[in-house]
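The values are calculated or read from the model by the stated rules, or taken from the named source; none is laboratory data. Quantities reported herein were computed from a predicted structural model and do not represent experimental measurements. Here the Cβ positions follow ideal geometry from the backbone for every residue, glycine too, while neighbour counts run over all protein chains shown.
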Amino acid sequence: MIHIFFALGQNHVNNFEALLINKVVNGEEYVLISGSGTTFNSKLWTRTIISKVSFNNNAVSMYRQLQTMHSKVKEYSSIVKDLDSYRNQPCIIYLAYIEDVLSNYLFFNFNKQAKIIVVEDGTLNYYNHTMANIDGLKFKLKKMIALMHGLRFQEYEGHSSGAAYSKVVAQYLTFPEEAYVSKNAKQLPIIKETIETPVPELYIIGQEAFGAVVGNEFFLKELAKYFSELRKRNFYNTISKVYYKPHRNGIRLSEKYIADFFPEKEVVFLNTTKTSEEVYFEEIQCAYISSFNSSTLINIFSKLRNEDRDLFEFYVYPLRDDELSPLFKKLNFTFLN
């Protein structure tokens, strides 16, 4: 059996490799598809197809977004040609969601007999995200660009993970019991981290990608309110540093822009290709961790040993009415609004 894994970002690669390391997956050939800039353990993969371009989209203007989308879909078309030998072979395809052009094509049109396994994509799996949540104009533009490169991009029914479709035989999640689509939800292997003495500083996980959803003007206004609420917390007077990690997608905010909100503190701008989780566990290990509706909060919490969790404080500022709030409350995160 051939196993084909499509990773849109570094966290997807990490989750896929967790499945392989923990021998959840058994097959003859493991094929990884990933964007430029991601890192992976070459010993785990039979074959790797690494894009010449990043799958991230940091464009702000509509023109630049279209340019980025066009170059990405052009690369997708080349990747599909590289996969052609697997088109009629028994295979299982692993992906995160079906809103992306390539994941949509692999899900519906690449190999009609393929089984699908959904692997967690951040917070998406825990609330009702469907076609109704997607910008109709953007979807039509993606569909048009996909057709220009010979790829069919189609509307789907139900949840954007695709988990409700009969061809999906499993979904691996950090909290399977909280899955919005509960069918075939299983535990994603999690490697626990030991932090016995957390650093008494603040870690903020940026969510600039929300600007594309709610509008950049609204996002920046809410960002200012969010930072103001953080400054009111009791722990704020006890810290000396604020670590800020920008999101891989969305508008680019300068270090000075962030630092101006915290004039009394040293602001460390973490501009790195590492994931927010990797930066946290490998470099900073702060006691205070905060974000908007970020999956990083969930991922860090899940990796901490149960007996250590009381040493950490998680602060969440939902950007708008949020279906993830019940999960954050179950995890005892503190709400800032």
* Structure fact -> The correct count of residues that are surrounded by fewer than 19 Cβ atoms within 10 Å (Cβ to Cβ) and free of Cβ contacts under 8 Å to residues at least 40 places away in the same chain in segment 215-226 is 6
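Could you list all residues from segment 280-328 that are of a type in the set (G, A, S) and buried (at least 21 other Cβ atoms within 10 Å of the Cβ)? Outline the logic, then answer.
Applying the first criterion (of a type in the set (G, A, S)) to segment 280-328 yields 287, 290-291, 294-295, 302, 325.
Once the filter is applied, which keeps residues that are of a type in the set (G, A, S) and buried (at least 21 other Cβ atoms within 10 Å of the Cβ), segment 280-328 yields S290, S291, S294, S295.
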* Asked: Of E201, E193, E178, which residue is in contact with a Leu (Cβ under 9 Å, 6 or more places away or on another chain), of a type outside the set (S, T, Y) and buried (at least 17 other Cβ atoms within 10 Å of the Cβ)?
  -> E178
* Structure fact -> In segment 184-222, anything in contact with a strand residue (DSSP E or B) (Cβ under 9 Å, 6 or more places away or on another chain) and under 16 Å from P318 (Cβ atoms) is listed as I204, I205, G206, Q207
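I93 - would you say it is more than 22 Å from N299 (Cα to Cα), assigned by TED's automatic domain parsing to the domain that holds Y180, under 19 Å from the mean Cα position of the chain (by Cα) and not in a helix (DSSP H, G or I)?
Working: more than 22 Å from N299 (Cα to Cα): yes; assigned by TED's automatic domain parsing to the domain that holds Y180: yes; under 19 Å from the mean Cα position of the chain (by Cα): yes; not in a helix (DSSP H, G or I): yes.
It is true that I93 is more than 22 Å from N299 (Cα to Cα), assigned by TED's automatic domain parsing to the domain that holds Y180, under 19 Å from the mean Cα position of the chain (by Cα) and not in a helix (DSSP H, G or I).
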* To do: Determine whether segment 123-144 contains at least one residue that is of a type in the set (A, V, I, L, M), within 20 Å of N11 (Cα to Cα) and either touching a residue at least 24 places away in the same chain (Cβ under 8 Å) or part of a helix (DSSP H, G or I) (or both).
  => yes
* For segment 230-337, list the strands (runs of 3 or more DSSP E) that sit wholly inside it and hold at least 1 residues that are of a type outside the set (S, T, N, Q) and touching a residue at least 40 places away in the same chain (Cβ under 8 Å); which are they? -> 241-245, 286-291, 313-316
* Structure fact -> Among residues of segment 57-105 being in contact with a Lys or Arg (Cβ under 7 Å, 6 or more places away or on another chain) and modelled with pLDDT under 90, the residue farthest from G122 (Cα to Cα) is M69
